[in-house]
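Enquirer: Let me give you the structure first, and then I'll get to my questions.
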């Protein structure tokens, strides 16, 4: 039943081309020949976004429930992961509130760059200031101030079908989470790492927004692995940095 609530709207690249609203990714791409060694090293020191997600307090897996807001939940999950690596820990951000406001109360699908635009406009409130799944288009003064604390985020456009660039963001010199959307799945999730199997096939480690009971590709607890050609994203955006929170 939950498969009906994926919610990714295929981005129309003719009307919203790459780089039209976000700067292009600046990462140096790693040669494929270096991927295995780099993955092994990051696993040894536990320094992929996947490790941060489990170790630094963001292990709470988000659940979009019966909404079409995966495109916002996956993006906000990446923002939360950046907070973790900065040592801020787990911030219980309200992805539903951002999507609901952006879509003017409609339970409609969207895409990654759209979620980034709403975050840049409004910020992200915490669930403490605005309980999740509250259906309101009017944020009071305290909610707006809270959302402003989670507004300054560095998003970078990776582009369409750029698997190698996504991998380079996840396992490069400055590993960072990415939002990745798949046209075959009609779903957007947060990519946290890269792995490989005995055959030499590479896969993306993801965290899904369908709750902790979901699993796929050899992982569970809300995590999954997307293997091979299926891991090539239709749309992908890197979350490079989140400005340290300060009181408003």
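Enquirer: What angle, in degrees between 0 and 90 and rounded to the nearest 10, separates the Cα long axis of helix 35-45 from the longest principal axis of the Cα atoms of the chain?
Expert: Roughly 60 degrees between the two axes.
Enquirer: Any idea how far the Cα center of segment 206-233 sits from the one of segment 131-147, in Å?
Expert: 31 Å
Enquirer: For Rg and Dmax of the Cα atoms in Å, which listed value, (1) 18.3, 58; (2) 21.4, 68; (3) 16.8, 55, comes from the coordinates shown?
Expert: Correct label, based on the coordinates given: (3).
Enquirer: What does the highest-first list of 117-125, 82-90 look like by mean Cβ count within 10 Å?
Expert: Sorting 117-125, 82-90 by mean packing, highest first, produces 117-125, 82-90.
Enquirer: Most mobile of 200, 222, 105 per a Gaussian network model of the chain (Cα springs, under 10 Å)?
Expert: It is 200.
Enquirer: With angles folded into 0 to 90 degrees, how steeply does helix 70-85 sit against the dominant principal axis of the chain? Use alpha carbons for both and round to 10.
Expert: With both axes taken from Cα atoms, the answer is about 70 degrees.
Enquirer: Over the chain, calculate the relative contact order: mean separation of alpha carbon pairs under 8 Å at least 6 apart, over the residue count, as a percent.
Expert: It rounds to 26 percent for the chain.
Enquirer: Specify the angular offset, from 0 to 90 degrees and rounded to the nearest 10, of the alpha carbon long axis of helix 112-122 from the longest principal axis of the alpha carbons in the chain.
Expert: 40 degrees
Enquirer: Take the Cβ-Cβ distance between residue 107 and residue 213 as r, set R0 to 22 Å, and report the resulting FRET efficiency rounded to the nearest 0.05.
Expert: 0.50
Enquirer: Tell me the label-point distance for the pair residue 184, residue 151, using the 7 Å Cα-to-Cβ offset, in nm and rounded to one decimal.
Expert: Each label point lies 7 Å from its Cα, and together they span 4.1 nm.
Enquirer: Stretched out fully, how many nm does the piece from residue 44 to residue 229 gain, at 0.36 nm a residue minus the Cα gap?
Expert: The residue 44-residue 229 span can extend by a further 63.9 nm.
Enquirer: Report the label-to-label distance for residue 121 and residue 134 in nanometres (one decimal), using points 7 Å from each Cα along the Cα→Cβ vector.
Expert: Here the answer is 2.0 nm between the modelled labels.
Enquirer: Turning to a different aspect of this structure: Based on other C-beta atoms within 10 Å, arrange 192, 142 from fewest to most.
Expert: The order, fewest Cβ neighbours first, is 142, 192.
Enquirer: By average Cβ neighbour count within 10 Å, what is the ranking of 38-48, 232-242 from highest down?
Expert: The packing order, highest mean first, is 232-242, 38-48.
Enquirer: With label points built 7 Å along Cα→Cβ from the Cα atoms of residue 29 and residue 9, find their separation and express it in nm.
Expert: It is 3.1 nm.
Enquirer: Could you list 136, 67, 179, 126 in order of exposure, starting from the residue whose Cβ has the fewest other Cβ atoms within 10 Å?
Expert: If I rank by nearby Cβ atoms, fewest first, I get 136, 126, 67, 179.
Enquirer: For the chain, what is the mean residue ellipticity at 222 nm derived from helices alone (per DSSP H run of n ≥ 4: -39500 (n - 2.57); sum divided by total residues; nearest 500 deg cm²/dmol)?
Expert: -8500 deg cm²/dmol
Enquirer: For each of 188, 93, count neighbouring Cβ atoms within 10 Å of the residue's Cβ, then give the residues from fewest to most.
Expert: 93, 188
The numbers here are math on the coordinates, done by the rules we state, and not lab data. Owing to the predicted nature of the structure, the values given are computational and were not obtained by experimental measurement. We place every Cβ from the backbone using ideal geometry, glycine too, and count neighbours over all the protein chains shown.
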